[in-house]
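What follows is a single structure, written as structure tokens, with notes after it.
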Amino acid sequence: MTLRMPEELVARARMLAEGGAWTPPPAVPAATVVLLRDGPAGLEALLMRRPATMAFAPGMHVFPGGRVDEAQDSRPTVRGSVPTGAWADEPLARAIVAAGVRETFEEAGVLLAVDRSGRPAVPDGGWARDRRASERAAGFPEVLVRRRLHLDADLLVPIAHWITPEVETRRYDTRFLAAALPAGQEVDRHETETDLAHWFPPADALAAYERGAMPMLPPTVAVLAELARHRDVGDALAWARSHPVVPLMPRAVLADGALTWVLVHGATGAVVGPTGEPAGSEERGTR
């Protein structure tokens with residue numbers, strides 16, 4: 001499937017490659033949760049379609065997630081081993097875990113939190129109320145306190161790290177975390193932030209993408225391609241725990257006057273491999 005970038009993004013890409021005047025905006029920290037379960041035919045991943053009216057990635061099939069809200073994502077108790085070092089410093093790593101859990105609760109109705117005995121949260125009559133409360137300022141930390149829950153970083157495994165290309169006007173520095181669907185919980189999509197939510201075997205989602213039936217951003221496609229190699233949730237999470245995560249960013253370069261795209265290390269800028277032209281625009285979707 002071929003989706004062309006909007007002309008203004010192509011112009012910015014050429015400007016950057018030629019050392020022009022475009023100044024990329026900073027990339028805001030964000031978290032995405034790749035929610036997994038074992039289905040009848042093996043591993044399945046949750047994909048949600050963003051409505052065409054959304055400001056960011058309209059019409060795209062994505063994993064649940066969103067930007068880090070430092071005011072509330074720094075407050076929840078996070079136990080377990082948070083990844084640090086090159087991935088993030090410890091305060092940011094804890095906020096990323098909290099943001100991923102919060103966004104997954106709000107967008108998919110799944111709460112990746114546990115009680116003092118390590119048991120997963122159990123839906124009850126106040127589940128919908130607490131989900132709505134989580135969307136208010138400082139609401140999510142209060143929900144955790146009220147339910148006597150904390151976050152366990154060991155339940156969320158870093159699986160990828162992508163940075164929005166410099167040609168976009170809205171940019172994110174996104175850590176992808178893989179997690180198993182907790183026992184006893186089901187997905188319930190957010191009525192305004194998603195208009196479709198389905199579990200897909202990764203290979204089936206990739207096939208639909210290639211047919212043009214499921215528009216997706218390059219990071220989503222890349223993560224699904226990795227997941228398609230694994231049989232079940234246990235196999236996928238074991239691979240993720242042993243797999244080094246490198247920050248990746250598509251960047252335009254000039255070669256003999258032609259504009260091409262490469263993947264660069266998000267921290268050093270070193271070229272790590274080739275890539276195709278980004279599919280459409282993150283901000284404008286496929287339009």
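Observations
- Checking each residue in the range 122-154 for being out of contact with any Ser or Thr (no Cβ under 7 Å at 6 or more places or on another chain), within 21 Å of residue 74 (Cβ to Cβ) and among the hydrophobic types (A, V, I, L, M, F, W, C) picks out 133, 137, 138, 144, 145, 149.
- Search result, residues across the range 261-284 that are more than 19 Å from residue 28 (Cβ to Cβ) and modelled with pLDDT under 80: 274, 275, 276, 277, 279, 280
- Failed item, numbered, when residue 197 is tested on (1) within 25 Å of residue 105 (Cα to Cα); (2) part of a loop (DSSP other than H, G, I, E, B); (3) in contact (Cβ under 8 Å) with a residue 24 or more places away in the chain; (4) not aromatic (Phe, Trp, Tyr): (2)
- Considering 99, 128, the condition of being touching an Asp or Glu at 6+ places or on another chain (Cβ under 9 Å), part of a helix (DSSP H, G or I) and either among the hydroxyl-bearing types (Ser, Thr, Tyr) or surrounded by fewer than 19 Cβ atoms within 10 Å (Cβ to Cβ) (or both) is satisfied by 128 alone.
The rows are residues; the columns are (1) at pLDDT below 95; (2) crowded, with 18+ Cβ neighbours inside 10 Å; (3) out of contact with any Phe, Trp or Tyr (no Cβ under 6 Å at 6 or more places or on another chain).
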site: 143; (1), (2), (3): no, yes, yes
site: 164; (1), (2), (3): yes, yes, no
site: 175; (1), (2), (3): no, yes, yes
site: 188; (1), (2), (3): yes, no, yes
site: 212; (1), (2), (3): yes, no, yes
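- Odd one out for residue 51, checked against (1) surrounded by 19 or more Cβ atoms within 10 Å (Cβ to Cβ); (2) not in a helix (DSSP H, G or I): (1)
- Here the condition is being on the phi > 0 side of the Ramachandran plot and either touching a residue at least 60 places away in the same chain (Cβ under 8 Å) or more than 16 Å from the chain's Cα centre (by Cα) (or both); of 234, 269, it holds for 269 alone.
- Scanning the range 25-53 for residues that are under 17 Å from the mean Cα position of the chain (by Cα), of a type in the set (Gly, Ala, Ser) and farther than 21 Å from residue 238 by Cβ yields a total of 3.
- Among residues of the range 145-158 being out of contact with any Lys or Arg (no Cβ under 9 Å at 6 or more places or on another chain) and closer than 20 Å to residue 245 by Cα, the one that is surrounded by the most Cβ atoms within 10 Å (Cβ to Cβ) is 156.
- When 86, 27, 52, 71 are checked against the criterion of being modelled with pLDDT of 90 or more and among the small types (Gly, Ala, Ser), a single residue qualifies: 27.
- Selection of the range 132-141 for residues being assigned to a helix (DSSP H, G or I) and either surrounded by fewer than 17 Cβ atoms within 10 Å (Cβ to Cβ) or touching a residue at least 40 places away in the same chain (Cβ under 8 Å) (or both) yields 132, 133, 139, 140, 141.
- So residue 100, is it touching a residue at least 24 places away in the same chain (Cβ under 8 Å) and closer than 27 Å to residue 265 by Cα: yes
The values are calculated or read from the model by the stated rules, or taken from the named source; none is laboratory data. Here the structure is a predicted model, which is why all the values come from computation and not from measurement. Here the Cβ is made from the backbone with ideal geometry for all residues, glycine too, and neighbour counts use every protein chain on show.
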